[in-house]
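Okay, so here's the structure we're looking at.
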Amino acid sequence: ILFPDIPLTKELKKSPDEAYALFTSCVHVGSKEFLEEDFLKFIDWLNGNRGTDKQKEVAKKVKYFFIIGDLVDGVGVYPGQEQHLVIKDIKEQYSTFANLIGKIRKDVSIIICAGNHDALRLSEPQPLLDKDLAGAVYALQNVTLVPNPSFVTIHSSKGFEGFPVLIYHGFSYIHYCTNVDSIRQQGGLDRPDLIMKFLLQKRHLAPTHTSTLYVPCKDNDPLVIDKVPDIFASGHLHRVYASSYRNVNTISCGCWQAQTDFMEKLGIHPDPSKICMINLKTRKVKILHFGN
């Protein structure tokens with residue numbers, strides 16, 4: 001199926017009021033390398049208890065918080081992983097994650113999808129998290145769980161249609177940064193913005209066969225980008241990068257895990273303890289640092 005390129009006339013929509021959306025990924029609760037102290041600093045800021053007066057005012061205007069996969073480190077994801085886990089029970093990992101997220105003030109809408117470290121099938125599209133394993137996450141009233149990938153519309157109101165946000169964890173990304181010369185030669189795994197631009201141009205999240213594990217669907221292809229988002233956000237590569245392509249904000253999220261042997265083997269250079277924040281009134285993105 002061929003789609004036209006994203007039109008040059010794509011409208012740069014802006015919210016009539018000032019509100020903020022936050023994006024992160026790859027929390028990896030359960031790992032010995034999980035940076036819990038930094039994550040708690042972030043939650044403390046979001047709840048208005050940390051930072052300057054100006055920073056606290058910004059925190060009050062945060063309305064949405066996206067967590068794009070790899071909520072926990074998982075169990076049995078790669079050989080020898082048990083040596084790198086501080087929590088070796090998957091239910092306990094999700095319970096600990098839910099306890100952390102449960103500290104966030106309840107007027108923030110939290111949108112969550114799964115990633116390749118989460119306890120469900122690796123093949124995409126990935127369904128919702130399993131209620132038996134992640135029941136503690138389901139119990140949080142301000143959390144909405146969605147499949148991976150998903151389109152989510154935020155901040156709609158009377159007279160304003162809101163922003164369609166495309167979220168995708170990004171399992172196909174490693175294929176493109178190693179097999180597309182123009183991406184590999186300009187940084188590869190360190191340049192998720194180039195991969196996201198490439199996929200927007202192709203109008204598909206995995207346009208090459210075998211770039212990701214895939215479960216065919218009878219009626220449609222869930223990986224087709226059949227409508228143009230205002231915001232395209234992902235994770236997986238543990239690299240923070242904010243860019244724009246024809247008025248589409250592309251946001252690559254970092255992680256909350258220090259570098260592991262597994263990351264080093266894959267050639268991933270983590271960019272931890274950072275949050276991407278977009279001002280929905282101006283569409284400008286800022287990177288917030290919560291590490292040392």
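Determine the relative contact order of the chain: mean sequence separation of Cα pairs under 8 Å and six or more apart, normalised by residue count, in whole percent. Can you show the working numbers first?
Numbers: 623 pairs, mean separation 69.6, N = 292.
Over the chain, the number comes to 24 percent.
Which loop-located GluC sites (Glu not before Pro) does region 69-170 contain, where loop means any DSSP state but H, G, I, E or B and the Cβ has at most 12 other Cβ atoms within 10 Å? Before the final figure, lay out each step's value.
Numbers: sites: E82, E92, E161; in loops: E161.
The qualifying sites are E161.
Can you tell me, using C-alpha contacts under 8 Å and at least 6 residues apart, the relative contact order of region 19-99 as a whole percent?
That works out to 43 percent.
Averaged per residue, what accessible surface does the chain expose to a 1.4 Å probe, in Å²? Numbers along the way, then the final one.
Working: 13270 Å² over 292 residues.
Ligands and nucleic acids excluded, the figure is 45 Å² per residue.
With all protein chains present, how much of the accessible area of the chain (probe radius 1.4 Å) comes from carbon and sulfur, to the nearest whole percent?
49
Beyond 29 Å, what percent of the Cα pairs of region 1-159 remain?
Cα-Cα pairs in region 1-159 separated by more than 29 Å: 27 percent.
Go through [x] 20.2, 79; [y] 18.1, 54; [z] 20.6, 71 and flag the label whose value is the computed Rg and Dmax of the Cα atoms in Å for this structure.
The value matching this structure is [y].
Classify region 96-177: rounded, prolate or oblate, from the alpha-carbon gyration tensor (a ≥ b ≥ c, eigenvalue square roots; a/c under 1.5 rounded; otherwise prolate if a/b is larger than b/c)?
Oblate.
Rank S182, S244, S31 by mean-square fluctuation in a GNM of the chain with C-alpha springs under 10 angstrom and give only the top-ranked residue.
Between S182, S244, S31, it is S182 that shows the largest mean-square fluctuation.
Would you please report the Å³ per residue occupied by the convex hull of the alpha carbon atoms in region 38-93?
For region 38-93, the hull spanned by Cα atoms encloses 108 Å³ per residue.
Rg and Dmax of region 217-292 over Cα atoms: what are they, in angstrom?
15.3, 49
Between region 151-169 and region 111-133, how many Å separate their Cα centres?
Here the answer is 22 Å between Cα centres.
The values are calculated or read from the model by the stated rules, or taken from the named source; none is laboratory data. Just so we're clear, the structure is a prediction, and the values are computed from it rather than from any experiment. With ideal geometry, Cβ positions are generated from the backbone for all residues, glycine too; neighbour counts draw on all protein chains shown. Side chains are part of the model used for accessible areas, which takes the heavy atoms of the whole protein and leaves out ligands, DNA and RNA. Shrake-Rupley method; radii C 1.70, N 1.55, O 1.52, S 1.80 Å.
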